[in-house]
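Read-outs: derived from the displayed coordinates by stated rules, not from any lab. On a predicted model such as this, the values are computed, not experimentally measured, just so you know. Note: ideal-geometry Cβ built from the backbone for every residue, glycine included; neighbour counts use all protein chains shown.
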Amino acid sequence: MAGLLFGTGGTPHSAETRSTIDGIKRIAELGLGGMEIEFVRGVRMGEAGARLVAEAATSLGIELTAHGPYFINLNAHEPEKIRASQERILQAARIGSICGAKSIVFHAAFYLGDPPDEVYNTVKKHLEEIMQQLKGRNNRVWIRLEIMGKPSQFGTLEEVLKLSTELEGVAPCIDFAHWHARTGALSSYSEFASILQQVKERLGTTALDNMHIHVSGIAYGKKGEIKHLNLKESDFQYAELLKALKDCDAKGLVICESPNLEQDALLLQETYNTC
Ligand SMILES: [Zn+2]
C-alpha cells in the first residue's frame, strides 16, 4: 500500500445519498483515499450489490475496509450466541471481500465478569474456528480486532497484539481514541510512537506497512468511552499522533469516526501532509 490514506467510517455526510457507492464517489471528490463500509447493524448488502461497490472503488482508486456487526460476542455464555457471532463475522467477510475490502474490523467480545486470561483463550478458540472457515473458502481478507474503549470490553492493546501474533490472518485495528478513553493516557507523541514501535517489534515491518487505524475525538470517564466527539472539541492530540505516524513511516488506512466524519478526515489528512 502506498503511504498513509485517510477516509471515513461510513458514507460521508455530504454524499448525494447514504448508499455505499455514493459514499465512495464523495470520498474521491473530497480527495480522500478510503472508506470503511459500516455493516454495524448487520450485512444488508447482497453479492450483486457488493460487485458494483467493488467496481466503483476500483475505478475511483478508493481503498475499502468493512466494519462488522456490533452484535458480536465471542465470549457469550450461550453456544448459540457464539455461533451467531461467528456467522456474522463470516458474512461480513464474505460480502466485504466481494466489495474488495482489505480488512474486516470487529469488536470481539465482552468479559461478562470472566477473568481476562480465560476470555482471551475463549476468543482465540472461536476466532481460530473462523479463520479455518475463511481458509477453506479461500477468503484472504484480514480479520482485524479493534482496540476497545471500555474496560468491560475485550480488546486491550496487549490482547489485540497477542492474538495478531498467534493467529494467521488476524491483525490489529488500532483505535487510538478508544485506547485514550480506556487508559486516560495516550495524548503525547512518545506514547503514540511507543505503540507503533510495539506493533513493529511484535508483528514486523509488514504490520507497520499495513496499518488499520481508527481516530476520532472522544469523551470518556471512569468507565472509559462515553461517546465520540469532533477532534477540535476533544482533548485528543491528533497532531502528535500524525507526527508519530509520519516519523515511524506507518502506511495503511486511517479511518475517521468523528461525528463530522469527512471534516475531521480532511483535517487529519491536511495535518499529516503538513507536519
Ligand atoms: Zn469499531
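Here are the numbers:
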item	result
Karplus (6.51, -1.76, 1.60) ³J(HN,Hα), θ = phi - 60°, over region 171-179, in Hz, Gly and Pro reported as x	9, x, 10, 7, 8, 5, 5, 4, 5
Cα-based convex hull, region 1-111, per residue volume (Å³, whole number)	102
Tensor-based shape of region 141-275 (alpha-carbon gyration tensor, a/c under 1.5 rounded, otherwise prolate or oblate)	oblate
Mean projection area, nm², convex hull over Cα of region 53-139	6.0
C-alpha center-to-center spacing [region 203-268, region 45-122] in angstrom	21
Summed side-chain charge close to Leu60 - residues other than Leu60 whose Cβ falls under 13 Å, Lys, Arg +1, Asp, Glu -1	-2
5 Å binning of all Cα-Cα separations within the chain, expressed as whole percents from 0 upward	1, 6, 13, 18, 20, 18, 14, 7, 2, 0, 0
Debye equation applied to the C-alpha atoms of region 232-275, log10 I(q)/I(0) at 0.18, 0.28 Å⁻¹	-0.51, -1.16
Spatially proximal lysines relative to Lys246 (Cα-Cα < 17 Å; intrachain offsets below 8 disregarded)	Lys200
D (Stokes-Einstein, µm²/s), Kirkwood Cα radius, region 22-70, 0.692 mPa s at 37 °C	293
Cα convex hull volume per residue for region 143-182 (Å³)	48
3J(HN,Hα) from dihedral phi, region 204-216, Karplus parametrisation 6.51/-1.76/1.60, rounded to Hz, x for glycine, proline	x, 4, 4, 5, 5, 7, 9, 6, 10, 10, 10, 9, 6
Thr17 paired with Gln133, simple spin-label distance in nm, labels 7 Å along Cα-to-beta-carbon	3.1
Residues Lys25, Lys150 arranged by fewest to most Cβ contacts within 10 Å	Lys150, Lys25
Relative contact order of region 203-275, pairs being alpha-carbon contacts under 8 Å that are 6 or more residues apart, as %	38
Burial ordering of His126, His228, fewest other beta-carbon atoms within 10 Å first	His126, His228
Long-range HN-HN contacts of Ile218 with modeled amide H, under 5 Å	Leu229, Asp235, Phe236
Scattering profile of region 104-193 at q = 0.13 Å⁻¹ [log10 I(q)/I(0), Debye over alpha-carbon scatterers]	-0.44
Residues whose placed amide H lies under 5 Å from that of Asn73, excluding near-sequence neighbours	Ser85
Relative contact order (%) - criterion: Cα under 8 Å, at least six apart; region: region 140-262	25
